[in-house]
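A.B. asks: Can you keep this structure in mind? I'll have questions shortly.
Values quoted throughout were computed directly from the atomic coordinates according to the rules given, and no laboratory measurement underlies them. Here the structure is a predicted model, which is why all the values come from computation and not from measurement. Every residue, glycine as well, gets a Cβ built from its backbone with ideal geometry; the counts of neighbours run over all protein chains shown.
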């Protein structure tokens, strides 16, 4: 996680928790005037549009005051959804037994894209089984990971 994302997470998490929700994760996509800050929230009861609006209102004020992103951006607050992104080792462990799609920042054993069965966590690595082969993927190499919806 970049220093900027870590700072944003530290700034907004107390507000999200204060509203009775869990901060699932934070993404920032820099693209000039089209930059996007996406904040994922979750709750055992699910997430409503009203939850997203309340978090957006609270977080907007915090980000306006603290100004961790100097460029223009759009704020989006969302539930993780069925293809929920995974950000932490704890989340990878919680979804053990699910299929996941993982994209790495740098190649690992000649590959950047993996799709397989989450088999757990060992230290700071995610264990993924792809076509009967086990891969231990360092969490720091992971650019994006999503649960593959089971239909």
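A.B. asks: Work out, step by step, the length gained on full extension between residue 17 and residue 103: first 0.36 nm times the residue separation, then minus their alpha carbon distance; give nm to one decimal.
C.D. replies: 28.0 nm
A.B. asks: Assuming a viscosity of 0.692 mPa s and a temperature of 37 °C, what translational diffusion coefficient in µm² per second does Stokes-Einstein assign to the chain, Rh being the Kirkwood radius over Cα pairs?
C.D. replies: Once the numbers are plugged in, D ends up at 200 µm²/s.
A.B. asks: Also, I was wondering about something else. What is the angle, in °, between the Cα long axis of helix 49-66 and the longest principal axis of the Cα atoms in the chain? Nearest 10 is fine, range 0 to 90.
C.D. replies: For helix 49-66, the angle is close to 70 degrees.
A.B. asks: In degrees between 0 and 90, to the nearest 10, how far off the longest principal axis of the chain does helix 3-18 point, with axes built from Cα atoms?
C.D. replies: The angle comes out near 70 degrees.
A.B. asks: Residue 56 versus residue 7, label points 7 Å from Cα toward the beta carbon: distance in nm?
C.D. replies: 2.5 nm
A.B. asks: Now for a different question. How high is the FRET efficiency between residue 119 and residue 36 when r is their beta carbon distance and R₀ equals 30 Å, given to the nearest 0.05?
C.D. replies: 0.40
A.B. asks: Where does the chain land at 222 nm, in deg cm²/dmol rounded to the nearest 500, when only DSSP H runs of n ≥ 4 count, each adding -39500 (n - 2.57), divided by all residues? Don't skip to the end; give the middle numbers.
C.D. replies: Values: 3 runs with 40 residues, N = 151.
After summing the helix terms and dividing by residue count, I get -8500 deg cm²/dmol.
A.B. asks: On to the next question. Say R0 is 25 Å: what FRET efficiency, to the nearest 0.05, do residue 27 and residue 130 get from their beta-carbon distance?
C.D. replies: The value I calculate is 0.55.
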